[in-house]
Amino acid sequence: GLMRETQKMFHWVERHVASIRAEHIAGDTNTKADWLSRAVIDQGEWQLHPHIFREVAHRFGTPQVDLFATPQNSQLPRFYSRYNTPGAEGVNALRGRWPQELLYAFPPLPLIPQVIRKLIEEQAEVVLLTPFWPRRQWFADLRELSVATPWRIPEDRIQLLQGPIQHPDPQWLKLTAWRLKGRG
């Protein structure tokens, strides 16, 4: 497997390159490679660029709790996490009671229907980020629960981060911010 590929590479280098040498690059000057060597990219953990988050908060009000976050990607000091994490106000936002404050949610895409059900159940007010996908079943619920004109984030401004790594194709999501109120 990997050893065979390495040997092929070295044979090619011997034939085509005059010399090759390995050199250490300190992690603090090679942040992407250092981060990638220590982390696993989790497709459910993308963070909206903080500058765009501030614009969302300016348009819809500043949320108090980030419902789907980690210490590394939380947009707010108060957050819920999927796992028991130091600093998290709660674990698994879909289980416990939600605070009666303006909340922020950028959930993994498969959880959007559950988030909508929970916000109705809790009669919560949430700034929710979703793709602009009108053919999805949950899209009609977003329109019905909306208390402000949704903001379709301009595609050239969408940046999704995971540490120093940027999402390869964030425009595909057609991200939209909604201010929603659950009416039980």
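Here are some notes:
- The shape of region 44-84 can be summarised by an equivalent ellipsoid whose semi-axes, obtained from the alpha carbon gyration tensor, come to 19, 11, 7 Å from longest to shortest.
- For residue 64, the amide hydrogen comes within under 5 Å of the amide hydrogens of 102, 103, 104, counting only partners 5 or more places away or on other chains and with H modelled in the peptide plane.
- For a label point 7 Å along the Cα-to-beta-carbon line of residue 144, residues of region 82-118 with backbone N under 15 Å: 113-118
All of the numbers you see were taken from the coordinates with simple rules; none came from a lab. Not measured: the values here are computed from a predicted model. A quick note on method: Cβ atoms are made from the backbone with ideal geometry, for glycine too, and the neighbour counts reach across all protein chains shown.
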